[in-house]
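Q: Let me give you the structure first, and then I'll get to my questions.
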Amino acid sequence: MTKKFIIVFAPWIFLLLSSEGFSQNNVDILVVDAEGRSVIINHDMESARNNAIRNALQKVVEHAVLTLIPHATAAEKAQIIKDSIYAKSDDYVHDYRIISEKQDQTIYKVEIKSKISVSTVRDSLQALGLLTVAMNKVAFTTAVISVQGLYNYADYSKVKELMKTRVRGMRTFHPQRLEGGMAKLVLHIQDGNIQSVADELMQTGQFSIRNISADQNYMEVNYLQQK
């Protein structure tokens, strides 16, 4: 299928719109928000802006990679992943839009919301032999948790810290969607499952369980605001 793209230019706004839709039926789509940064050199705002966008796109691809392999494998094979995958971020991010952008002294910052095909990234990792390496090194479970009751980014930061420090065996943690007071999180857990995660979250006293589906490794929880 030939893709048609519409590029719309306006002062400090750039949108890349693809006419090809995204369907959960035929591709595994991950929605990722990312911030890109670039140093402004010689007052060249256009170059800094473009570099910031590229930086954000690379972070999106990094998110996808780390939902498929552990941090240890990604760190060990960092150079080959950078050369073979991160350097071609545009090939993996099918659609994105800029949420905000601004100049912060000598740094240009861009925040984007994007859609990336995880299956495409998976194929590339498989071709490099990294997916097999990761699977042979450690057995882990992928769990998805929907957290309700987040009023601001500070709440999300607290949840993120609790997940990292209180859930034993958690190897990676990635936001799949952040919107409307809700965060949908993807966790990779070693030697655990969704029930063990639920038990440990309950022990913190800062979560209540709304729904849990053990066979699908999915859970919905409420974040309890501290008084």
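Every number here is computed from the coordinates shown, using simple stated rules; none is lab data. Nothing here was measured: the structure is a model prediction, and the numbers come from that model. Cβ placement follows ideal geometry from the backbone for every residue including glycine, while neighbour counts extend to all protein chains displayed.
Q: When only alpha-carbon atoms count, how far does the range 139-223 stretch along each of its three principal axes, as whole angstroms with the largest first?
A: For the range 139-223, the Cα extents along the three principal axes come out at 34, 24, 22 Å.
Q: I would also like to ask the following. When a footprinting reagent is the concern and you count Cβ atoms within 10 Å, what order do S114, S196 take, fewest first?
A: So the residues, fewest neighbours to most, are S196, S114.
Q: May I ask which of K59/K113; K59/K88; K115/K164; K59/K82 have a Cα-Cα span longer than 19 Å here?
A: K115/K164
Q: Step through the residues of the range 99-107 one at a time and calculate ³J(HN,Hα) from phi using the Karplus curve (6.51 cos²θ - 1.76 cosθ + 1.60, θ = phi - 60°), rounding each to whole Hz and writing x for Gly and Pro.
A: For the range 99-107, the Karplus curve yields 8, 7, 7, 6, 9, 10, 6, 9, 10 Hz.
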